Each structure stands twice: as C-alpha cells, then as structure tokens.
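Quick notes on the structure that follows.
The values are calculated or read from the model by the stated rules, or taken from the named source; none is laboratory data. Computed from a predicted structure; not experimentally measured. Positions of Cβ are backbone-derived with ideal geometry, glycine not excepted, and every protein chain shown enters the neighbour counts.
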Amino acid sequence: MSDAIVEALRIELGEIVRTDAEILQARRHDYWAASHLREWLDTAMESPRCVVQPTETAQVQALLRYATANRIAVVPFGLGSGVCGGVLTTHDVVLLDLSTMNQTREIDGHNLLATFEAGKNGMEAEEEVAALGLTIGHWPQSIAVSSVGGWISTRASGQFSTAYGNIEDIVYSIEAVLPNGDLVQLGKAPRAAAGPDLRHVLMGAEGTMGVVTGVTLSLRKAPETRAYSAFYANSMPQGIEAQRRIMHADWRPPVMRQYDSIEVKRNFPDHAQPDKALLFMVHEGPAARVAVEIADTARIASEAGLTPAASAVAEEWMGKRNHVVAWKDFFERGVVVDTIEISAPWSKIDAIYSDAVASLRSRDGVVNASAHSSHAYRSGVNYYFSFAAVCAPEAMEEMYFDCWDRVMQATIKHGGGVAHHHGAGRLRKPYLVNDLGENGVALLRSLKAAVDPSGIMNPGNLIPDV
Ligand SMILES: Cc1cc2nc3c(=O)[nH]c(=O)nc-3n(C[C@H](O)[C@H](O)[C@H](O)COP(=O)(O)OP(=O)(O)OC[C@H]3O[C@@H](n4cnc5c(N)ncnc54)[C@H](O)[C@@H]3O)c2cc1C
C-alpha cells in the first residue's frame, strides 16, 4: 500500500489514522499461539500499513466506503484475544481497531437490554449491568480481554452457557457497517419471522462480511442463589452419560464441567483420586429451584454410577477460571501447547475423546494429551482438548499444526463438529468443509461475494480458499 493511500485516508478520516511504530507493532496479530510462536522465533511478521481508531460509526462507514472504492483490505480488531488467527496483518492492510469504540449506549432495565459499542470490554460491560442487579450471563474465560463485538464475530460461548446459552442466544440486535459503507441494524424485537435472520451473516463471520459497530444484548436479573455440586466418575464415558441424563431430565445447571483424571491432577490436585474423572456443576437461580436441581442431579449422577466429591472444587474453579496463559512462558521451557474445542452428539463424543487423546499420545514429544467438557446441550456436548509437546524451537511449528491435525481428524472421523466456540480463523479454515460440506462452503463463498464484492474484509480469513 502506498504512502499516498495513507495520506488520502488521513484526509478522509483525520488523526484517527495512526502510523506510529508502537501501535503498528501491537496490532499485527491476535492471541493465536502460532502467531506468538512466530514472534518468539523472530520470524518476520508484517505490521499493518496503518491503524484506524474510530470513535463513531460514521468513521467506520467512511473507511469502508473508501476501502471498497479503492480495493484496500481492512482487518477488524476487537481486543485481540482470538486464538485462531482471525487477525493477521500485512503491509497491504488497514487494521480497523474497534477498541476505541467502547461506550455504553443504553442499559434498559425494563426490557432487560443493554447496548454497547462493539469495542466495549466484556468485563466492563458485565460490571456495569451488575451494578444494577443484572447480568449478561456471558462469561468467556477471556471476558476481561475480549470485546462484545468480538463475541459476536467469533460466535463465542461463556462458561455459564448450559443454562444461559451462547452469544447467539443472548444477542438481541447488531448494528453493522457493510463493506460498501451502508449501515444495517439487524434485530428489532424479541423474536421475528421476517425472513432469514440476517444477524447470522455477521455472527461468526470473523470480520469477513462487515464491521460490527454496536451490539444489544439481552440481560437477566442476577440470580438469587448460587450453589455447587461435584462427583467422581470411573471414566470419562461414565461421566458423559450422567451429563446426558441430566440434560435429558431438563435440568440446566449453568456450569457443568467434566475433567479427565490428568486434568484433575493438573488443575485440582487436592481433589485428584487415582484414575477418576471429576464432574462438577454450578447451580444458579431461585433458591427453591436450585435446591430441587441439586437433589435431582445428585440422584441422576448416583444412578449413573458416580460418587460424591467435595463441591469446594467448583468454588476453587470459580476463583481461578479467567486465567490467561502467556504462550512465551511455555516456548521458553521448550514446550509448545494449545487447546482445541470441538463438539459432537452424545453418541459420538466418546470415540472422539479416545481417538484424539490416543493419536496425540502416539506422537513423539507429546507429554500431555487431555480434555474436559464444558458446554452441554440436549443433543450433545463439547470437548476441550489440551496438548503439550516438547521439541526444539525450529520443530515447534510443525509439531503445533500436527497436534491440531490429529484432533481435527479424530473429530471428523467420528462425525463431530470441528469448532465449538473459538471460531475458525486462519487455523481451522482447511477443516471448515467438514462442518459446512462442499456446497455449504460454496454458499459461504457466494454470500461473501455478494456482501463484499471487492473482497476487502479480512482477506484470507475463515473462508476456505478456492
Ligand atoms: C485465555 C483465553 C480464553 C478464552 N476463552 C474463551 C471462551 O471461554 N469462550 C470463547 O468463546 N472464546 C474464548 N476465547 C477466544 C476469544 O476470547 C474470543 O474469540 C473472543 O470473542 C474474541 O474477542 P476479541 O474482541 O478479542 O476479538 P479479536 O481477537 O480482536 O477478533 C476476533 C475475530 O473477530 C473479528 N472482529 C473482532 N471485532 C469485530 C467487529 N467489531 N466487527 C467485525 N469483526 C470483528 C476479527 O477480525 C477476528 O477475525 C479465549 C481466548 C483466550 C486468549
């Protein structure tokens, strides 16, 4: 991109167009482990040509109008906590930094709605509604380092999703700027049968269809009570069966997490028992309902063969659940690590677990292959795999992608979905065809071509190459 274009953007947009080295450096990528690895290895990583920091929607419109007319690539950036390479820049790119659009527009306690600009920090949004006795009920582990616009763009899941739903269940309306600069407001009432739900063109689009500039979320009253329960299972399948029965009995503990014995040892050493998996729940809501839920889920767990564990383990998890790891600390110890979330129907999840873990362990250098489940549905559940492998720095990137491929292949082989909540980005792009099918990928490409005919929005991200 030439200097002349940056100057033209300055004339169009003024001082919000930044080219200082510090901001260019800070906005090259998101929290994808592979980008951090490349940075640590000192692999050349290109900065964006400039960073645009809007404070109002009209500025986003002006940028996209200009970018479409001049075929300039624009990569949106929320708070950069994405872990699949949704943000990755080159010198030919304008980085659109939404973190400067971070105001609260309205909190409406009567209709239980709150409207934020897209770059609003998730934790700040939650704290503002919490001060009024309300909650968004969306608690991704990254809540303190992610934006509400990022949640929409990646189809995020919060830790309390089993009762409160994922972001698609919480979003009420989306304000977005299309690549041609047009503004759309999608979502007008609590429910609609007014054609296809166009909010879904933006949800999970990871910056490829336009720019989310505002988000209205449905709120809840803060729960009256919170309580905890926990159980040991003799195996992961036994615990998964207990979860299935709990979901089918129509109980919805907001949090239902199940760790294999390796993860129990690593995360909750005081609660580890030889070869036992651990299932715990956080129950919330009216006190009377919580009491019945605890009693009946305990009955179901016992009938499935589980035995009681100290519920303090769930409280312990609550205290440390929003930890953010520093990839560099692992690289410096000669270890490459990541987590991979997938989901599957109940009937397929056990085979995925055993194959994925076995496949990871069969690779030389892998020192950890483990998993927990964290989001349950009537039809199935997710798994969140962790791997760690020891190798020389120059072998880390190959090791990283091979470990990923092993979990993806085990998921595909047994009929699971390759991405539960982190999105696809540049990392999962090659595997998207598993979930969408060839014709689904073709439909996605057609949609992209219709919405963004100049192909300016986050090129190279999400949409499989032809
Ligand atoms: C430690 C850690 C824990 C995590 N835990 C969870 C979890 O529990 N649940 C979960 O779902 N995710 C989790 N994530 C992943 C990440 O936090 C989410 O994907 C989050 O939604 C990204 O938000 P962000 O604002 O940081 O987006 P970014 O990383 O800045 O961007 C993500 C993608 O969305 C696009 N984008 C961002 N904002 C906009 C916008 N306004 N308009 C259009 N496109 C946009 C970007 O181009 C990019 O493709 C975790 C990440 C980390 C590092």
- Task: Tell me, yes or no, whether the stretch 42-61 has at least one residue that is touching a strand residue (DSSP E or B) at 6+ places or on another chain (Cβ under 7 Å), crowded, with 18+ Cβ neighbours inside 10 Å and of a type in the set (G, A, S).
- Result: no
- Message: When you check E106 against the structure, is it closer than 26 Å to L178 by Cβ, within 12 Å of the ligand (Cβ to nearest atom) and among the acidic types (D, E), yes or no?
- Response: no
- Out of V381, V367, which single residue is loosely packed, with under 15 Cβ neighbours inside 10 Å and closer than 22 Å to Y259 by Cβ? V367
- Could you look through the stretch 143-171, keep only residues that are among the small types (G, A, S) and surrounded by fewer than 21 Cβ atoms within 10 Å (Cβ to Cβ), and pick out the one that is farthest from the chain's Cα centre (by Cα)? A163
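Matching residues to (1) of a type outside the set (F, W, Y); (2) closer than 30 Å to R65 by Cα:
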| site | (1), (2) |
| --- | --- |
| E126 | yes, no |
| G137 | yes, no |
| Q141 | yes, no |
| S146 | yes, yes |
| Q159 | yes, no |
| N180 | yes, yes |
| F231 | no, no |
- Message: Checking F331 against (1) more than 16 Å from the ligand (Cβ to nearest atom); (2) touching a residue at least 12 places away in the same chain (Cβ under 8 Å): exactly one of these is not met. Which one?
- Response: (1)
- Filter result (in a helix (DSSP H, G or I) and in contact with a helix residue (DSSP H, G or I) (Cβ under 8 Å, 6 or more places away or on another chain)) within the stretch 359-390: S359, L360
- Item | Inter-residue pairs, beta-carbon under 7 Å, first among the aliphatic types (A, V, I, L, M) and in the stretch 76-90, second near the ligand (Cβ under 6 Å from one of its atoms) and part of a strand (DSSP E or B), 6+ apart | L79/S147; V87/V75; V87/F77
- Task: Check every one of the strands (runs of 3 or more DSSP E) wholly within the stretch 143-248 and list those with 1 or more residues that are at pLDDT 95 or above, in contact with a helix residue (DSSP H, G or I) (Cβ under 7 Å, 6 or more places away or on another chain) and more than 15 Å from the ligand (Cβ to nearest atom).
- Result: 211-218, 225-233
- Query: Which of the residues spanning the stretch 302-327 are out of contact with any Leu (no Cβ under 9 Å at 6 or more places or on another chain) and in a helix (DSSP H, G or I)?
  - Reply: S302, E303, A312, A314, E315, E316, W317, M318, G319, K320
- Query: So which residues in the stretch 383-400 are touching a residue at least 60 places away in the same chain (Cβ under 8 Å) and within 29 Å of I246 (Cα to Cα), if there are any at all?
  - Reply: S386
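Looking at G119, G82, G78, G86 in this structure, which one is closer than 19 Å to P48 by Cβ, within 15 Å of the ligand (Cβ to nearest atom) and assigned by TED's automatic domain parsing to the domain that holds T213?
Going through G119, G82, G78, G86 in turn, just one is closer than 19 Å to P48 by Cβ, within 15 Å of the ligand (Cβ to nearest atom) and assigned by TED's automatic domain parsing to the domain that holds T213: G119.
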